[in-house]
Amino acid sequence: MSLSTFESSVKLIEAPQQKVYDMLSDLNNLEKAKDQMPSDKLKDLRFDRDSVSVSVAPLGSLTLRVVEREEPKTIKFETANSPIPFNMWIQLLPASEESTKMKLTVKAELNPFIRGMVSGPIEQGLEKIAEALTMVQY
């Protein structure tokens with residue numbers, strides 16, 4: 001097993017860093033992003049302030065829980081229920097007074113065989129999530 005890191009590209013959000021952090025650090029706000037999520041890949045989306053559960057094709061049921069908030073720049077998640085345990089970070093940096101740079105990172109312990117199978121879907125999924133988060137009204 002080795003630690004594998006996956007990163008989204010850096011996305012620009014047209015809103016101040018604090019506003020973006022306030023929105024993303026309370027998972028109840030996912031209601032606003034629900035329409036941006038690919039419904040063919042994500043089913044049974046449920047959330048509260050500190051966790052989100054979803055059924056993801058082809059992985060199955062997945063629950064992420066916020067384990068750390070570092071205002072206004074980082075929100076760290078870990079899996080509470082997942083076929084593959086992993087951590088995920090949302091990193092936020094000010095690009096200007098009115099815009100924020102965002103990047104998503106996933107770190108998971110994967111053996112080489114599993115890594116070969118899941119690398120593509122994880123990278124594509126991260127990009128789609130990052131893209132959806134740029135479309136939210138902050």
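Filtering the stretch 81-95 to residues that are open to solvent by less than 60 Å² (accessible area, probe 1.4 Å) and either assigned to a loop (DSSP other than H, G, I, E, B) or over 18 Å from Glu127 (Cα atoms) (or both) leaves Ser82, Ile84, Ala95.
Reported count of residues in the stretch 65-75, each being assigned to a strand (DSSP E or B) and either open to solvent by 50 Å² or more (accessible area, probe 1.4 Å) or touching a helix residue (DSSP H, G or I) at 6+ places or on another chain (Cβ under 6 Å) (or both), is 6. For Ile114, the conditions (1) farther than 24 Å from Gln137 by Cα; (2) modelled with pLDDT of 95 or more; (3) open to solvent by 30 Å² or more (accessible area, probe 1.4 Å) are fulfilled apart from (2). Contact map, the stretch 34-62: first residue closer than 20 Å to Leu24 by Cβ and modelled with pLDDT of 85 or more, second residue open to solvent by 90 Å² or more (accessible area, probe 1.4 Å) and charged (D, E, K, R), Cβ cut-off under 7 Å, separation 6 or more or different chains; pairs are Asp50/Arg65; Ser51/Arg65; Ser53/Arg46.
Report whether or not Val10 is closer than 26 Å to Tyr138 by Cα, surrounded by fewer than 16 Cβ atoms within 10 Å (Cβ to Cβ) and among the β-branched types (Val, Ile, Thr). For Val10, the condition - closer than 26 Å to Tyr138 by Cα, surrounded by fewer than 16 Cβ atoms within 10 Å (Cβ to Cβ) and among the β-branched types (Val, Ile, Thr) - is met. For the stretch 1-38, the tally of residues that are touching a Ser or Thr at 6+ places or on another chain (Cβ under 9 Å) and either of a type in the set (A, V, I, L, M, F, W, C) or closer than 17 Å to Met88 by Cβ (or both) stands at 12.
Residue-level analysis places Ser119 outside the set of residues that are surrounded by fewer than 16 Cβ atoms within 10 Å (Cβ to Cβ), more than 20 Å from Asp26 (Cβ to Cβ) and without any contact (Cβ under 8 Å) to a residue 24 or more places away in the chain. Checking each residue in the stretch 109-130 for being in contact with a Lys or Arg (Cβ under 8 Å, 6 or more places away or on another chain) and more than 13 Å from Glu7 (Cα to Cα) picks out no residue at all.
The values are calculated or read from the model by the stated rules, or taken from the named source; none is laboratory data. Just so it is clear, the model here is predicted, and its values are computed rather than measured. In this analysis, Cβ positions are derived from the backbone assuming ideal geometry, glycine residues included, and neighbour counts consider all displayed protein chains. Protein only, heavy atoms only, side chains kept; ligands, DNA and RNA dropped before computing areas. Shrake-Rupley method; radii C 1.70, N 1.55, O 1.52, S 1.80 Å.
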